[in-house]
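The values are calculated or read from the model by the stated rules, or taken from the named source; none is laboratory data. None of the values given here were measured: they were computed from a predicted structure. We place every Cβ from the backbone using ideal geometry, glycine too, and count neighbours over all the protein chains shown. With ligands, DNA and RNA removed, areas are computed over all heavy atoms of the protein, side chains included. Shrake-Rupley method; radii C 1.70, N 1.55, O 1.52, S 1.80 Å.
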2 protein chains.
Amino acid sequence: MGYIGRMAKPLRHVLVCLNQRAPGNPKGSCGEKGSEAMLTRLKEAVAEAGLKQTVMVVGTRCLKHCSRGVTVAVYPENVWYGGVKQEDLAEICDVHLRRGEPIERLFMPDIPWE
Amino acid sequence: MGYIGRMAKPLRHVLVCLNQRAPGNPKGSCGEKGSEAMLTRLKEAVAEAGLKQTVMVVGTRCLKHCSRGVTVAVYPENVWYGGVKQEDLAEICDVHLRRGEPIERLFMPDIPWE
């Protein structure tokens with residue numbers, strides 16, 4: 001991965017949006033769609049796959065694709081996934097984070113930030 | 001920036017650690033060092049510099065460099081800054097986010113994740 005600076009960097013950094021809007025907000029939110037539990041599960045999956053030393057998974061505030069959540073972004077590839085569900089996490093971990101192959105069917109559609 | 005997938009991506013994505021540990025925790029934390037206010041200020045600075053359409057600034061949970069916080073990471077460059085203070089934010093915005101030049105004096109030292 002691109003390397004500027006002195007410190008050891010994660011090989012991949014996975015961002016999971018945890019933003020929670022009030023129930024009924026027309027935008028919806030990733031938090032409302034269960035992203036907190038998905039963050040927990042993805043961290044477990046990364047640990048189970050032996051990737052904990054190379055992949056950092058972190059919860060974030062709003063990633064600005066509320067209506068298309070759950071939103072997950074992966075750097076350095078700059079891959080953004082939309083509409084991610086619990087049942088997609090094993091594939092994200094195995095295919096993308098372990099084998100390095102982004103998963104096209106989960107790509108965020110070409111929409112502007114909200 | 002590297003582009004995989006269909007959606008418009010931020011040209012730069014800035015992560016600001018907001019993790020807050022209890023006062024007196026020996027690790028310390030970025031939240032304890034005022035990172036919430038710094039996130040607010042950095043977002044304002046990005047807006048004032050006219051970079052809002054290209055730079056996304058987001059608060060995150062723990063970026064795992066608690067004792068060296070406040071921690072700020074910038075993708076796609078994969079630049080990690082440590083010990084960031086309020087008075088560094090204008091420089092980060094102007095020199096790095098606007099002109100594209102990482103700021104060596106703020107680089108996180110070469111230490112493992114905590």
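Against the list (1) in contact with a helix residue (DSSP H, G or I) (Cβ under 6 Å, 6 or more places away or on another chain); (2) outside any loop (DSSP other than H, G, I, E, B), the condition residue A:70 fails is (2).
Checking A:47, A:73 one by one, the residue that is out of contact with any Leu (no Cβ under 8 Å at 6 or more places or on another chain) and of a type in the set (Gly, Ala, Ser) is A:47 and no other.
If you go through segment A:1-42 and keep only what is at pLDDT 90 or above and at positive phi, you end up with A:28, A:34. Applying the criterion of being without any contact (Cβ under 8 Å) to a residue 40 or more places away in the chain and aromatic (Phe, Trp, Tyr) to the residues of segment A:62-82, the residue that is nearest to the other protein chains (Cβ to nearest Cβ) is A:80.
Taking the numbered list (1) within 13 Å of another protein chain (Cβ to nearest Cβ); (2) among the basic types (Lys, Arg); (3) part of a loop (DSSP other than H, G, I, E, B); (4) open to solvent by 50 Å² or more (accessible area, probe 1.4 Å) in turn, residue B:43 passes all entries but (3). Selection of segment B:46-76 for residues being farther than 13 Å from residue B:17 by Cβ, of a type outside the set (A, V, I, L, M, F, W, C) and buried (at least 21 other Cβ atoms within 10 Å of the Cβ) yields only B:75. Annotation: of all residues in segment A:15-35 being in contact with a Leu (Cβ under 7 Å, 6 or more places away or on another chain) and within 11 Å of chain B (Cβ to nearest Cβ), the one that is nearest to residue A:88 (Cα to Cα) is A:16. In segment A:9-39, the qualifying residues are those that are free of Cβ contacts under 8 Å to residues at least 24 places away in the same chain and of a type in the set (A, V, I, L, M, F, W, C), and the one that is most open to solvent (accessible area, probe 1.4 Å) is A:22. Taking the criterion of being closer than 23 Å to residue A:27 by Cβ and either of a type outside the set (A, V, I, L, M) or touching a helix residue (DSSP H, G or I) at 6+ places or on another chain (Cβ under 9 Å) (or both), the residues of segment A:48-67 that qualify are A:58, A:59, A:60, A:61, A:62, A:64, A:65, A:66, A:67. Within segment B:83-112, the set of residues being open to solvent by 50 Å² or more (accessible area, probe 1.4 Å), more than 7 Å from every other protein chain (Cβ to nearest Cβ) and of a type outside the set (A, V, I, L, M) comprises B:85, B:86, B:87, B:91, B:94, B:98, B:99, B:101, B:104, B:105. The lone criterion from (1) within 17 Å of residue A:63 (Cβ to Cβ); (2) in a loop (DSSP other than H, G, I, E, B); (3) in contact with a helix residue (DSSP H, G or I) (Cβ under 6 Å, 6 or more places away or on another chain) left unmet by residue B:28 is number (1).
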